[in-house]
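Encoded as C-alpha cells, the structure appears first; notes follow it.
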Amino acid sequence: AATGGTDVRAELLAADADFLWHPWSPSRVNPDTVLAVSGDGCEIRDADGRTYLDAKSSGLNATLGYGSRPVIDAVAGQLARLMTYDTGEGANEPAIRLAERIAGLTGPRLTRTFFCNSGSEAAEAAIRIARFYHAVRGERQRGLVVSFENAYHGATLGAAASSAGASPVSAEFTPAGFVTLPGRTDALRDFLAGQGDRTAAVLLEPVQARGAHQVPDDRLREVRELCRRYGALLILDEVTTGFGRTGRMFGYQHAGVEPDLLTTSKGLAAGYMSLAAVTTTEHVFDTFDTHRKQAGFVHGHTHSGHAAACAAGLAVLDVIERDGLVANAAARGTQLLTALDGVRGLPFVRDVRGRGLLAAVEFDGSPRASLVRRRMKEDGILVRRTGPNIVIAPPLIIDAGRTDRIAEAITAAAEAAA
Ligand code: PLP
C-alpha cells in the first residue's frame, strides 16, 4: 500500500508517467508533484511521508477538509443500502431529500433542483434550460448566452464557450451564440440595448474562481435589473462560491439579489462524491410542462441524483450547519485579509482581494506567482496559481492558527520572491 517512503513514490510516479493523462495538462506530471495518499482535516500526506496544509481544498472542493466522519459514514451506509436508483425513470430518497434541503436554503423563489455530476454539466444544463425555456415560450430567436472576461464555467462545449479567455484554444472551438463581454456594467447595458431580444441568458460568478475577482454588490444588482428588463434569464455560477465559501451560504446573498438559475457543485458534496446541481424557480420549471404538454426538459445523465452522492450532500449540509462553517468562513476570511495587509505594500504585488475564504494575491506576472507557489510548497503549504494570482481557498473548517500560518507563509514567500 502507498502509505509512505520514497520507493513507493518513485514507483507510483513511474506508473503515472506511463498511464495517467492529467487534466489541465502539461500531460505528464512533473517530478515535484504532490502525490497524496491520505488526508486528515486541513492536511494531506504525500507518498514520501511529507505533510502539507492544503490551502486550496484539493480543487477548491474539499470544503470540509479530509476524513469527515459523518460524510464518510453517510456515503458508506447509502452504498450498502442502495448505491443509487435512476431518477429519470424513478426516484431515490437521498435525491428527494437533498432537493428539498437545498430549497430550504435557496427559497422561497428558487425551489426546484436538477442534479448532475460536475460544475461543467451544471453550466451546460443551465444554458440548455435557458434556451429551451425561451423556445417553448415561442421566442426561438433568443439563443445568445452572455458571459464575461476571465470567467470560468467549465470544460464542456457550452461551458467552455462561456469561458473564453480561460483557455488559449477555446476560441477555435466556440460554437455560435456565445458572447464574451468586458466585466463592466455599461458593456452589458450596451449589448442588451442592441441584442436584448435575442439574448437567452447572462451567466456569471459572484466571485470569479480564477483570481477571486469579485462582482461588486451594486453591479450584481444592476445586472439582475438589466436581465429583468430585457427578459434574459440570470444564471449565477456558484460552483465555487456556493455552500459557504464566501462567508454566506451563497455568494448572491451578499448583494440581496436572486438568479433565475443557480449552479452549484464543489461545496455540495465537498469532494466526497461527484455532485452538482441547477436550482431554479417554479416559474422556469412550470414553463416546460405548460408549454410541452408535460413532456418536460429532455436532458439528463445516468447519474443525475446519484443516491450515495446525494447522501454525501445531505451529510455535508449537516456538518456545515452543526459546526457553523459559514460563519467560520466569514471570520477566517476577514482574519486572512487583515493578516495579508503587509503583502499589499510590496512593490510587485498588484492586488490583494477576497471574500470569505476565497482570496487572491495578484503579482506582476505568472513567473513571480509560480515562484511564490513553489516557495510556499517548500514551506508545507499548497495554494493554487492561476495566471499572476495565488488563490487561497482552504477548507471552511480551518482554525485561526492555520489561517495565520498561510498568511505568514505567503508573506515570507512574496518577500523572498523580490
Ligand atoms: N464554474 C466554476 C466557477 C468553477 O470554478 C468550476 C471548476 O473549476 C466549474 C464551473 C467547472 O466545474 P467542474 O470542474 O466540476 O466541471
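Going through segment 156-187 one residue at a time, which ones are part of a loop (DSSP other than H, G, I, E, B), within 15 Å of the ligand (Cβ to nearest atom) and modelled with pLDDT under 80?
So in segment 156-187, the residues part of a loop (DSSP other than H, G, I, E, B) come out as 156, 162-163, 165-166, 168-169, 174-177, 182-184.
Restricting the remaining residues to those that are within 15 Å of the ligand (Cβ to nearest atom) gives 156, 162-163, 165-166, 183.
Result: Gly165, Ala166.
Which residues, counting only those in segment 101-155, are assigned to a loop (DSSP other than H, G, I, E, B), among the polar types (S, T, N, Q) and over 17 Å from Phe243 (Cα atoms)?
Gln141, Asn150
Assuming Leu314 fulfils every condition listed in (1) touching a helix residue (DSSP H, G or I) at 6+ places or on another chain (Cβ under 6 Å); (2) farther than 16 Å from Thr106 by Cα apart from one, which condition is it?
Tallying (1) touching a helix residue (DSSP H, G or I) at 6+ places or on another chain (Cβ under 6 Å); (2) farther than 16 Å from Thr106 by Cα, Leu314 fails exactly one: (2).
Here is a yes/no grid of residues against (1) more than 19 Å from Gly251 (Cβ to Cβ); (2) buried (at least 18 other Cβ atoms within 10 Å of the Cβ); (3) in contact with a strand residue (DSSP E or B) (Cβ under 6 Å, 6 or more places away or on another chain):
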position	(1), (2), (3)
Ala369	yes, yes, yes
Thr386	no, yes, no
Ala412	yes, no, no
Ala416	yes, no, no
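Look at Tyr152 and say whether it is closer than 22 Å to Glu258 by Cα, of a type in the set (Phe, Trp, Tyr) and either surrounded by fewer than 19 Cβ atoms within 10 Å (Cβ to Cβ) or over 20 Å from the mean Cα position of the chain (by Cα) (or both).
no
Out of curiosity, is Asp237 away from the ligand (no atom under 12 Å from the Cβ) and of a type outside the set (Val, Ile, Thr)?
In short, no.
Report, by residue number, each residue of segment 50-80 that is hydrophobic (A, V, I, L, M, F, W, C) and either free of Cβ contacts under 8 Å to residues at least 24 places away in the same chain or within 16 Å of the ligand (Cβ to nearest atom) (or both).
Leu60, Ala62, Ala76, Ala80
What number of residues within segment 252-268 satisfy the criterion of being buried (at least 24 other Cβ atoms within 10 Å of the Cβ), among the hydrophobic types (A, V, I, L, M, F, W, C) and touching an Asp or Glu at 6+ places or on another chain (Cβ under 9 Å)?
Here the count works out to 1.
List, please: which pairs have Cβ atoms under 6 Å, are six or more places apart or on different chains, and start with a residue in segment 208-223 that is under 12 Å from Gly251 (Cβ atoms) and end with one that is basic (Lys, Arg)?
Correct list of pairs: Ala212/Arg353; Gln214/Arg355.
I'm trying to understand the selection: among the residues of segment 55-85, which are part of a loop (DSSP other than H, G, I, E, B) and surrounded by 15 or more Cβ atoms within 10 Å (Cβ to Cβ)? Spell out how you get there, then give the answer.
Step one: filter segment 55-85 for residues part of a loop (DSSP other than H, G, I, E, B), giving 55-56, 61-65, 67-68, 82-85.
Answer for segment 55-85, where residues must be part of a loop (DSSP other than H, G, I, E, B) and surrounded by 15 or more Cβ atoms within 10 Å (Cβ to Cβ): Ala55, Lys56, Asn61, Ala62, Thr63, Leu64, Gly65, Ser68, Thr84, Tyr85.
So, Arg189, is that one touching a residue at least 60 places away in the same chain (Cβ under 8 Å), out of contact with any Pro (no Cβ under 8 Å at 6 or more places or on another chain) and surrounded by fewer than 21 Cβ atoms within 10 Å (Cβ to Cβ) or not?
Taking the combined requirement at face value, the residue does not satisfy it.
Of all residues in segment 375-418 being within 24 Å of the chain's Cα centre (by Cα), in a helix (DSSP H, G or I) and of a type in the set (D, E, K, R), which is farthest from Ala270 (Cα to Cα)?
Going through the qualifying residues, I end up with Lys377.
So which residues in segment 208-222 are over 14 Å from Arg384 (Cβ atoms) and within 16 Å of the ligand (Cβ to nearest atom), if there are any at all?
His213, Gln214, Val215, Leu220, listed by residue number.
Might you let me know whether segment 371-380 holds any residue that is in contact (Cβ under 8 Å) with a residue 60 or more places away in the chain, in contact with a Lys or Arg (Cβ under 8 Å, 6 or more places away or on another chain), closer than 27 Å to Asp318 by Cβ and of a type outside the set (Phe, Trp, Tyr)?
no
The values are calculated or read from the model by the stated rules, or taken from the named source; none is laboratory data. A quick note: this is a predicted structure, and the numbers were derived from the prediction, not measured. Using ideal geometry, Cβ is built from the backbone for each residue, glycine included, and neighbour counts are taken over all protein chains shown.
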